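What follows is one structure encoded as structure tokens, with my remarks underneath.
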Amino acid sequence: MHTINFLKPNKDNIKNYSIIGSFLVLISLIDVISNAFLKINLTSFLPGSLTTLFPLIIGLIGLNMMRIDYSGNKTLDLLNKNINTNNFNAVLTLLILFSIIKALPPSLSWMILDANISGDSKDACTGTGACWTYIKVWFRRFMYGMYPNEFHWRINTAFILVIALGFVGYFMKENLKKYLALYYVIIYPVIAYLVIYYLISGGSFGLQWVETGAWGGLSLTFIVSFFCLIFCFPLGMIFALGRRSNLPVIKYISICYIEFWRGVPLITVLFMSSVMFPMFLPEDFFMDKLVRVIIAITLFEAAYCAEVIRGGLQSLPRGQYDAAKSLGMGYWKMHIFVILPQALKLVIPGIANTFLALVKDTPLIFVVGLAELAGMLALAKTNPKWLGFAMEGYIFASIIFWIICYAMSKYSYNLEAKYKTER
Amino acid sequence: MSDPIIKIQNMNKWFGDFQVLKNINLEVEANKKIVVCGPSGSGKSTLIRCINRLEEHQEGDIIVDGSELSEKTKDIEKIRAEVGMVFQQFNLFPHLSILDNCTLAPIWVKKMPKKEAQELALDQLKKVQIDDQANKFPGQLSGGQQQRCAIARALCMQPKIMLFDEPTSALDPEMIKEVLDAMVSLAKGGMTMIVVTHEMGFAKEVADEVIFMDEGMIIEKADTKEFFANPKSDRTKLFLSQIL
């Protein structure tokens, strides 16, 4: 029994054991680090495969010596509870640590140490690392697409205006608060549309007309996502309520709508909107491609929103409906004041999910010839002068999308916390 | 004898194939207090839920305050506004503060000015002794406090009739008293009340009449004293012997 207990600490000797244990873990880490960064193999004296396994074995013994149910030392207890509960978890912990350390030097040297950012042509990229010059030169294209350079201020102004209008709700007076929903659902989108139409499209007030085909880059991502988000939510709400309606006509229309849009892939919807849809329109009627695409995505995502919201409606106990009815509230009052506020609060995570998916689906509009951020990237990488830098472009786009999506998900957490009244 | 405020004639109700209420006849005069008791599953709750049409009946007539309840009733909301209801599970709106719970319906259904509604609500909350909790949320209150708030909320609509659906069944024993106290003082104020409950002490204290139901039928309907002193049917006797 003595040999089995050899590496098991108890309450009395935990101090010595944890010092020796952490020393062993330290040795294993030093070995891996020196191997990865300095390319020195400290354990070359060991035979064959033992060299590679050495840090793992030493680290495991170290962690094993530190493992105890309760030591009184906060850091040690935290460590034992979270990453060192048993040998398997200890091995996983070590392996993850080692892989991070191993992956660090090559990625660092590719992204920063050996990378180029100076100059303004492909020739400037001489190093073996990334060519950030490419991103730098194409930056304006990635942001604004083919929009003429001298008019970029129009896009910026329009965005600042739209964002500023979005914050109006925060400064509204108390007695106007009840019109808030009306403002955000109807007035705000209309104003935003007008701002974007007159500023970015131009054509009047002495601004030169820029057709939507020239729009692109991140600004187009924002425009498409913005309109789809604010329209698909109220539409989804209507269909969610419709699907639960007692009136058969409304109910079956809603079911058909939801099942139809959930059943078709977004990419075919986009093709239809740009190729098929104009055929059904009267000859002299013209609808811009961008508008058609926004409508298509909105209708598509509304079906998803509807199902998410319906989930929230269904999770409310029947007593809430009973109580609202017994107080004399009709269908609309009951839903506006009692049911929807609670249901929408419950579906914040689901709605955030749908919205994130929507933002990340916008690159699909490339198939109808609209080049937002990822689309511009696809154009740029096939430019003969800049062949071979797809990697940099995609990393750049991933970072931008990640920032947008992370901001959105953070915001949704904030909303959840803000409206949490239970418990 | 004045016209009854609630009149139920030959009422039958089915849930699918199962008949929950069989040939119910009941008349309640204004200002009377009726206690409905009986074993669970006997249709007591369904009966009083029919009175404000939270459940629909299939046969017979229900006339509440002069209006008949049927599919054709257009202004069912108006009738419901006159019939307050308190539920077993309180059913407060968890996203609204206690005060807002009480003012919501008066403001939006009765179109009462906000200030007036708040004064009324605070007044009602004071009567059930939770006016100091007005700005808390339902989740922060004890069961007894929540149920008293639910009573206040119903009273804020200034109803003519109050229905209680097992108001104390979901409460801890020590909280039952505070809710019953609120109900007793409401009864002494002259409200028309129909109470489904197992609290026989409450029935003895305030009820004018007691109704005993079993298997969807009204087995016995008698004055309170008469009901407890010499119940007529054997089923009632058995029930009373088990519950008292």
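Can A:Ile160 be described as open to solvent by 50 Å² or more (accessible area, probe 1.4 Å) and modelled with pLDDT of 80 or more? Here the answer is yes, as A:Ile160 does meet what is asked.
Reported count of residues in the stretch B:92-101, each being facing chain A (nearest Cβ under 9 Å) and hydrophobic (A, V, I, L, M, F, W, C), is 3. Among what's in the stretch A:21-50 and is open to solvent by 80 Å² or more (accessible area, probe 1.4 Å) and assigned to a helix (DSSP H, G or I), pick the residue that is farthest from A:Lys81 (Cα to Cα). Among them, the one singled out is A:Leu38.
Of all residues in the stretch B:187-234, exactly one satisfies the criterion of being open to solvent by 20 Å² or more (accessible area, probe 1.4 Å) and in contact with a Cys (Cβ under 8 Å, 6 or more places away or on another chain), namely B:His198. The sole residue among A:Tyr394, A:Tyr411 that is assigned to a helix (DSSP H, G or I), of a type in the set (Phe, Trp, Tyr) and within 30 Å of A:Leu316 (Cα to Cα) is A:Tyr411.
On the stretch given as the stretch A:292-313, residues that are free of Cβ contacts under 8 Å to residues at least 40 places away in the same chain and more than 23 Å from the chain's Cα centre (by Cα) total 1. Being in contact with a strand residue (DSSP E or B) (Cβ under 6 Å, 6 or more places away or on another chain) and either in a loop (DSSP other than H, G, I, E, B) or crowded, with 22+ Cβ neighbours inside 10 Å (or both), is that true of even one residue in the stretch B:169-181? No. Picking from residues in the stretch B:107-117 that are in a loop (DSSP other than H, G, I, E, B) and more than 11 Å from chain A (Cβ to nearest Cβ), the one that is least open to solvent (accessible area, probe 1.4 Å) is B:Met112.
Checking B:Leu104, B:Leu120, B:Leu125 one by one, the residue that is open to solvent by less than 20 Å² (accessible area, probe 1.4 Å), more than 13 Å from every other protein chain (Cβ to nearest Cβ) and outside any loop (DSSP other than H, G, I, E, B) is B:Leu125 and no other. Counting only residues that are free of Cβ contacts under 8 Å to residues at least 40 places away in the same chain and assigned to a helix (DSSP H, G or I), the stretch B:128-138 holds 3 of them. Here A:Phe88, A:Phe98 are screened, and the one residue that is surrounded by 12 or more Cβ atoms within 10 Å (Cβ to Cβ) and assigned to a helix (DSSP H, G or I) is A:Phe98. Can you find a residue that is over 16 Å from the mean Cα position of the chain (by Cα) and open to solvent by 20 Å² or more (accessible area, probe 1.4 Å) anywhere in the stretch B:43-50? No: the stretch B:43-50 contains no residue that is over 16 Å from the mean Cα position of the chain (by Cα) and open to solvent by 20 Å² or more (accessible area, probe 1.4 Å). Picking from residues in the stretch B:70-91 that are out of contact with any strand residue (DSSP E or B) (no Cβ under 6 Å at 6 or more places or on another chain) and closer than 23 Å to A:Gln342 by Cα, the one that is farthest from the other protein chains (Cβ to nearest Cβ) is B:Phe90.
Pairs linking a residue in the stretch A:51-75 that is under 14 Å from A:Asn10 (Cβ atoms) and open to solvent by less than 30 Å² (accessible area, probe 1.4 Å) to a residue that is at pLDDT 80 or above and not in a helix (DSSP H, G or I), with Cβ atoms under 9 Å and 6 or more positions apart or on different chains, are A:Asn64/A:Asn84; A:Met66/A:Asn84.
Search the stretch A:314-328 for residues being without any contact (Cβ under 8 Å) to a residue 24 or more places away in the chain and part of a loop (DSSP other than H, G, I, E, B), and hand back the single one that is farthest from the other protein chains (Cβ to nearest Cβ). That would be A:Pro317.
Among the residues of the stretch B:33-69, the ones that are at pLDDT 85 or above, outside any loop (DSSP other than H, G, I, E, B) and within 14 Å of chain A (Cβ to nearest Cβ) come to 7 in all. Only residues that are surrounded by fewer than 19 Cβ atoms within 10 Å (Cβ to Cβ) and in a helix (DSSP H, G or I) were counted in the stretch A:204-217, giving 3.
The values are calculated or read from the model by the stated rules, or taken from the named source; none is laboratory data. No experiment lies behind these values; they were computed from the predicted model shown. Here Cβ is always computed from backbone atoms with ideal geometry, including for glycine, and neighbour counts include all displayed protein chains. Accessible surface is based on the protein model in full, side chains and every heavy atom, while ligands, DNA and RNA are left aside. Shrake-Rupley method; radii C 1.70, N 1.55, O 1.52, S 1.80 Å.
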